[in-house]
Amino acid sequence: MLESSLEFLRCIRCGSKLELNTFKQNKEIEEGILECTKCHLEFPIIEKIPILWDDFSGYLSSRKKLGGKLYQFIQNQKLKEFLKSSLSKINPIGDDRTALEERWASIYHNSRNSKFYSLVKNNINDLPKSDLVLEHGCSIGIMTSFLANSNQMVFGIDRSFSALRIAKQSCKNNLDYFVADSLSSVFGKLQFDLILALNILELIEPLELLKHISKQISSGHFIISEPYDFDRGLNSVRKPLDEYTLRTTLKNFGFKITTKTKNPSYLPWNLKLNPRTALNYKVDLIIGKK
C-alpha cells in the first residue's frame, strides 16, 4: 500500500478516517493495520494489499485456504495474531473460493493480450486526463496499470486477493489496490473523474452498483462494458440488464451516453481457460458522461 493512499481511504462501517500502524515498510507498506479513528474497526495490510472488509472473519469464511496462505505470508507477530484471531471466528460458507479466485486470476493473466483491452484503451485515449481514477473489479490490474501511465492517481478494487497480488507486481507511485466489495464506501464521499467497471454486472447486482457509482461521479466519465452473461444458476443477479435497459438506467442516473457508444457494440473478448479451451465473448461498451 502506498502511504499516500491513506488520505483517500475511509472506514467502510462508519465513514471516519483511518489511522495507519506500519509493521513492515520498504517502498510501500508491506504489513500493517489500518484502524478506524471512531469505531476502531481494523483492516489488515498483507503483501502490500489492504483488505478493507467490514467483517474480516466473514471474508475468510468463504476463503479458509486463503487464510492459511496469508498466515504463511506474514512476518510480523502482531499481524499473525490478528489473523489467527480472525480465523478462529470464521463460519465456513459454501465452497471455498480460494482455488476459484486463483484460477480466474491466472486466466485473466493469460488473456491480458486480448484485443478487447486494446479497444478499450483506444477509447480511453480519447478522454481528458483525470486527477482521480477508480476501477471496480480491476482483477490483475490490466487497465489500472495502463491508466496510471497518463492519469494522476489511480485506484483498483476487487474481491480477489489472488488477483490483486498479481496486480501489485506492477509498482507505480500513483497506483494502488484494495481488496473490497464494490458496494462498500472504501473512499467515503470522494468524487472521481473517471470510473471503469468492465464485465462485472453478472457478479454484482447491476442497479445497486450503478447507483453506487453514480454517487462517486459528479462530473466525469464512466466506462462500463458487459457481455450480458447472466445465466449463473443460484449465483445469478436478481435484476439483469440488457443493452437497452443498461443505457436507459445510466441516463436515469444522470449520465449522457456518448454518440460513439449510443448503440450496442460487439467487441471481441477472448479468455484462455486452458491450452484447449477458450471463451469468446462479444462485449458491449458504453461511455457515459456527467
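Every read-out reported here was derived from the displayed coordinates using simple, explicitly stated rules and does not represent laboratory data. If you're wondering where the values come from, they're calculated on a predicted model, not measured in any experiment. Positions of Cβ are backbone-derived with ideal geometry, glycine not excepted, and every protein chain shown enters the neighbour counts.
Odds and ends about this structure:
- Crossing angle, helix 115-125 versus the chain [Cα axis fit, 0-90 degrees, rounded to tens]: 80 degrees
- Under 26 Å from the Cα of residue 290 - lysines, other chains or at least 8 residues apart: 121, 129, 189, 211, 215, 239, 251, 256, 260, 262
- Cα point-scatterer Debye curve for the chain, base-10 log of I(q)/I(0) at q = 0.12 Å⁻¹: -0.78
- Debye intensity ratio I(q)/I(0), log10, the stretch 177-232, q values 0.15, 0.30, 0.31 Å⁻¹ (C-alpha model): -0.44, -1.41, -1.44
- For the pair residue 259 and residue 115 in one chain, pulling the backbone fully straight at 0.36 nm per residue adds 49.6 nm over the alpha carbon distance.
- Mean projection area, nm², convex hull over Cα of the stretch 3-96: 5.9 nm²
- Likely footprinting exposure, 112, 97, fewest C-beta neighbours within 10 Å first: 112, 97
- Fewest-first ranking of 201, 246, using other Cβ atoms within 10 Å as the exposure measure: 246, 201
- Cα long-axis angle, helix 77-88 against the chain (0 to 90 degrees, to the nearest 10): 70 degrees
- Of 39, 11, the sequence from fewest to most neighbouring Cβ atoms within 10 angstrom is 39, 11.
- Principal-axis analysis of the Cα atoms of the chain puts helix 243-252 at an angle of about 70° to the longest axis.
- Alpha carbon centroid spacing (whole Å) that separates the stretch 222-290 from the stretch 48-105: 31 Å
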